[in-house]
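To keep things clear, I will list the structure first and then write my remarks on it.
The values are calculated or read from the model by the stated rules, or taken from the named source; none is laboratory data. From a predicted model like this one, the values you see are computed outputs, not experimental measurements. Glycine gets a Cβ as well: all are built from the backbone with ideal geometry, and neighbour counts include every protein chain shown.
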Amino acid sequence: MSEKEFSRLNILLDVEAKRLRVDDAVQLLNLNFRQGVALKAAVICLVLRQALSKKGPAFAGPLHS
């Protein structure tokens, strides 16, 4: 893994651990608007998936009926 890839991974891990805001990560990674929106959407999906998995199997299904 290159130094640049390692740096990017550290930034994303900091976002996941809530040590860094997504908006700050977008700036540090020099993402354009669309890439920033995509990163924010991915973080939202991860947070929802983690929240649903903690509630047990009754809530682990699809978000729509």
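A few comments on the model shown:
- Residue within region 47-65 that is hydroxyl-bearing (S, T, Y), part of a loop (DSSP other than H, G, I, E, B) and modelled with pLDDT under 90 present: yes
- Qualifying residues in region 1-14 (those that are of a type in the set (A, V, I, L, M, F, W, C) and in contact with a Leu (Cβ under 8 Å, 6 or more places away or on another chain)) - the one modelled with the highest pLDDT: I11
Here's the yes/no breakdown for (1) assigned to a helix (DSSP H, G or I); (2) among the acidic types (D, E); (3) surrounded by 15 or more Cβ atoms within 10 Å (Cβ to Cβ):
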residue	(1), (2), (3)
E5	yes, yes, no
D14	yes, yes, yes
L20	no, no, yes
Q27	yes, no, no
R34	yes, no, no
V37	yes, no, no
A41	yes, no, no
I44	yes, no, no
